[in-house]
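The values are calculated or read from the model by the stated rules, or taken from the named source; none is laboratory data. Source: prediction; values computed, not measured. Cβ coordinates were reconstructed from backbone atoms using ideal geometry, including for glycine residues, and neighbour counts include every protein chain displayed. Remember, those area values only see protein heavy atoms, side chains included, never the ligands or the DNA or RNA. Shrake-Rupley method; radii C 1.70, N 1.55, O 1.52, S 1.80 Å.
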Amino acid sequence: MPRSASRTPPRAKAEGGPVMALTSTVAPAGSGPWQRARHQLGRRASVKISLVVIALFAIMAVAAPLLSTLGGWSPEEFDKTAVDPYLGGQPIGPLGGISADHWLGVEPVTGRDLFARVVHGAQVSLLIAFTATAIVVVAGTAAGIAAGYFGGRTDAVLSRLMDLTMSFPSLIFMIAMMSVARDVNRIVLMTAVIGLFGWPGIARVVRGQTLSLKHREYVDAARVGGSGPWRILTRDVLPGVAGPVIAYTTLIIPGMIATEAALSYLGVGVRPPTPSWGQMIAESVAFYDTDPMYFVIPSTCLFLTVLAFTLLGDALRDVLDPRGSRT
């Protein structure tokens with residue numbers, strides 16, 4: 001047998017194992033960018049845990065009426081038998097009155113079921129956050145694509161509008177608007193006000209991405225082929241900015257949740273008796289030393305929701321927008 005055919009370089013044998021192990025952890029060859037992104041996200045434990053937490057609270061928000069019915073109490077229903085009038089309305093029983101009748105205890109003084117108020121508070125908080133985020137993403141994406149693609153006067157006007165909106169002290173302006181407008185639907189008003197100040201950030205991200213995409217070969221080819229601006233924007237430019245937009249969207253949701261909680265905490269957000277996590281945290285401050293569970297439960301829900309969206313957003317940004325994650 002020839003010498004060259006009988007011998008295998010030892011270095012190739014040594015390197016074969018690690019190479020095979022490495023290739024087994026990457027996406028299959030020929031898969032698209034979204035399949036590769038899903039494969040990378042599926043390998044992260046933080047993503048899996050975050051998705052479980054988000055799904056849990058989303059189901060809680062959607063099924064809030066059913067869950068409160070299963071618990072046996074509505075969020076506005078008082079239970080005077082669950083509090084001690086001789087101790088300033090403190091819940092009867094350990095851990096804030098946790099029992100078979102009240103799964104998470106009761107509010108001091110009023111005796112309202114804390115489980116019913118927490119699940120309905122999740123519904124209010126997530127509804128405002130998701131709706132405001134949708135407004136921000138749609139408005140910001142449309143403005144960013146228009147400014148980046150058309151340029152010239154359109155870019156100048158939209159860019160100055162972005163600068164003007166971002167120059168406002170948004171939180172102070174939100175508090176002022178929410179304090180003045182009293183006889184309106186608070187949920188609708190909060191959604192509109194939060195969405196009003198959130199769109200310039202994503203618009204700037206999309207504008208920068210559009211500027212880098214509008215002179216790519218496939219965009220120039222579509223333009224030469226007779227495609228109009230609307231077709232180019234929807235078929236060629238929008239898919240190119242979809243990754244950063246999705247990552248940015250997931251990152252701004254926790255900010256929206258925190259903003260709603262902050263406004264409700266300050267007393268200018270959702271009004272009682274409509275439950276809200278921020279409102280419950282504000283009311284629990286007076287009882288944190290005598291009934292700490294009243295403070296711990298809504299605070300934990302808010303913390304877990306914000307943390308889950310933040311971890312998921314960071315992972316999506318690393319996978320879908322690696323350049324943005326390094327800057």
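The structure-derived value of Cα Rg over 2.2 N^0.38 Å appears in the list [x] 0.97; [y] 1.56; [z] 1.32 under the label [z].
Using a simple spin-label model with pseudo-atoms 7 Å out from Cα toward Cβ, Arg38 and Ser212 lie 2.5 nm apart.
When only the Cβ of Lys, Arg, Asp and Glu is charged (+1, +1, -1, -1), the dipole of segment 44-320 relative to its Cα centre reaches about 1320 debye.
Inter-part distance, segment 204-264 to segment 159-178, computed on C-alpha centroids, equals 23 Å. Ranking of His102, His120, His215, His39 by solvent-accessible surface, largest first: His215, His39, His120, His102 (1.4 Å probe, protein heavy atoms only, all chains present). Distances between placed amide hydrogens fall under 5 Å for Val83 paired with Ile92, all partners being 5 or more residues away or on another chain. Fully extending the segment from Ala192 to Leu304 would add 37.8 nm, taking 0.36 nm per residue of separation and subtracting the current Cα-Cα distance. Within segment 179-198, which residues have the backbone N less than 19 Å from the label spot 7 Å out from Leu164 along Cα→beta-carbon, could you tell me? Only 193-198 pass the distance filter. Each label was represented as a point 7 Å from its Cα along the Cα-to-Cβ direction; for Ala221 and Phe173 these points are 4.4 nm apart. For the pair Thr234 and Leu56 in one chain, pulling the backbone fully straight at 0.36 nm per residue adds 60.7 nm over the alpha carbon distance. Short-range pairs are left out: with C-alpha atoms under 8 Å and at least six residues apart, the relative contact order of segment 176-267 is 31 percent.
Leu316 contributes an accessible area of around 20 Å² to the protein surface, as traced by a 1.4 Å probe with all chains present.
Surface composition of segment 44-320: carbon and sulfur make up 70 percent of the accessible area, probe 1.4 Å. Pull out a ≥ b ≥ c, the square roots of the eigenvalues of the alpha-carbon gyration tensor of segment 50-90, then state rounded if a/c is under 1.5, prolate if not and a/b is larger than b/c, and oblate in the remaining case. Prolate, since a/c reaches 1.5 and a/b exceeds b/c. Length gained on full extension, Val296 to Asp101: 68.2 nm, using 0.36 nm per residue less the C-alpha separation. Taking the charge dipole of segment 181-310 about its Cα centre, with +1 at Lys and Arg Cβ atoms and -1 at Asp and Glu Cβ atoms, the residue from Thr310, Pro239, Leu266 reaching farthest to the positive side is Pro239.
Per residue, the accessible area of the chain comes to 54 Å² when a 1.4 Å probe rolls over the protein heavy atoms. Among all stretches of the chain without exposed trypsin sites (Lys or Arg not before Pro) (DSSP loop, at most 14 other Cβ atoms within 10 Å), which one is longest? That would be 44-181.
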